[in-house]
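The structure under discussion appears below in the form of structure tokens.
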Amino acid sequence: MTPILEVCDLKKIYRGSSKPAVNRISFSMSAGEMINVIGPSGAGKSTLLRCINRLTEPSSGRVLIEGEEITGVPAAKVRALRRRVGMVFQHYNLVNRLTVMQNVMHGRLGYMNAFNGALGLYSEEDKQRALEILEQTGLSEFLYHRAGELSGGQKQRVGVVRALMQQPSILLCDEPIASLDPASAQVVMEMIRDVSVRRGIACITNLHQVDVAMRYADRIIGMNGGEIIYDGPVAGLTERMIERIYGKPMSQLMIGGDVSA
Ligand SMILES: Nc1ncnc2c1ncn2[C@@H]1O[C@H](COP(=O)(O)OP(=O)(O)OP(=O)(O)O)[C@@H](O)[C@H]1O
Ligand SMILES: [Mg+2]
């Protein structure tokens, strides 16, 4: 079976920097898998996610989405492949003055021509899909609320729904809970796990909290200095390994809190 995502020897050196931000990154994942990525600040977690859909241009290496290469192909092909990769951001990236429904419909823009997109001429089918997903995720009561009026946790759930509107096969979440209180963080992590289990979407989530990462993943990737230090099941992530990933003794790592500081 073709993996949903294959990353082969990926490297990114930002202009003006001598040290790669990510280096020698190779892994693959299958449908419905949930990988949480941990590592200290500057480890390269965000760069890795952004290189996967070429929001950041990799310096070398290959990324294949459902067997099709997204690296080294023209912009039109990148746009088509990007539809299969949903993104969720720390700061939600919603348009606050627009309603929840309007924000969610933005998830369809990648499928529309510029004219229909600009006028908001979405198909009936798309609207029905939006209503269904909002219902399934308990957000229908907020349909006509402006995004700016929602709590952080609600905003992030809308962010996930918007990504689902793309009908992605991969979901990339960069610190989706970093701005949330613990209760909202739990709801959002459960939602992401649900997306992976029920919809069979391969999810990669960058997190700062090791305990959260372990609770909600099938598999952990630990990064340090741009490289993968650990790639394996949650059960294999020993204290020793966590110390190697963060480059600090366990006594200095606050499990249950943010370990990046
Ligand atoms: N746009 C950029 N231009 C130049 N260097 C960058 C850029 N973005 C990131 N870097 C550098 O690349 C390295 C990896 O950064 P990245 O943001 O990927 O790490 P991270 O693991 O996501 O960190 P954090 O946990 O703080 O979000 C760092 O040294 C960072 O300074
Ligand atoms: Mg980051």
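Six or more apart or on different chains, Cβ atoms under 6 Å: show the pairs whose first residue is in the range 4-23 and within 16 Å of LEU64 (Cα to Cα) and part of a strand (DSSP E or B) and whose second is of a type in the set (Lys, Arg) and more than 7 Å from ligand 1 (Cβ to nearest atom).
Listed pairs, sorted by first residue: CYS8/ARG62.
Would you confirm whether or not the range 188-211 contains a residue that is more than 16 Å from ligand 2 (Cβ to nearest atom), touching a Pro at 6+ places or on another chain (Cβ under 7 Å), under 28 Å from GLU66 (Cα atoms) and not β-branched (Val, Ile, Thr)?
no
Hey, among the residues in the range 22-42 that are surrounded by 22 or more Cβ atoms within 10 Å (Cβ to Cβ) and within 12 Å of ligand 1 (Cβ to nearest atom), which one's farthest from GLY232 (Cα to Cα)?
Ranking the qualifying residues of the range 22-42, first place goes to VAL22.
Sort through THR2, THR71, THR99 and tell me the only one that's of a type in the set (S, T, N, Q), over 24 Å from ILE221 (Cα atoms) and away from ligand 1 (no atom under 16 Å from the Cβ).
When all the criteria are applied, what remains is THR99.
Scanning the range 199-247 for residues that are within 24 Å of SER179 (Cβ to Cβ) and assigned to a loop (DSSP other than H, G, I, E, B), which turns out farthest from ligand 1 (Cβ to nearest atom)?
ILE201
I'm told ARG97 meets every condition in (1) within 22 Å of LEU207 (Cα to Cα); (2) of a type outside the set (Phe, Trp, Tyr); (3) surrounded by fewer than 16 Cβ atoms within 10 Å (Cβ to Cβ) except one. Can you identify the failing condition by its number?
With respect to (1) within 22 Å of LEU207 (Cα to Cα); (2) of a type outside the set (Phe, Trp, Tyr); (3) surrounded by fewer than 16 Cβ atoms within 10 Å (Cβ to Cβ), ARG97 is out only on (1).
None of the figures in this text is laboratory data; all of them are computed from the coordinates on show. Owing to the predicted nature of the structure, the values given are computational and were not obtained by experimental measurement. Note that each Cβ is placed from the backbone with ideal geometry, even for glycine, and that neighbours are counted across all protein chains shown.
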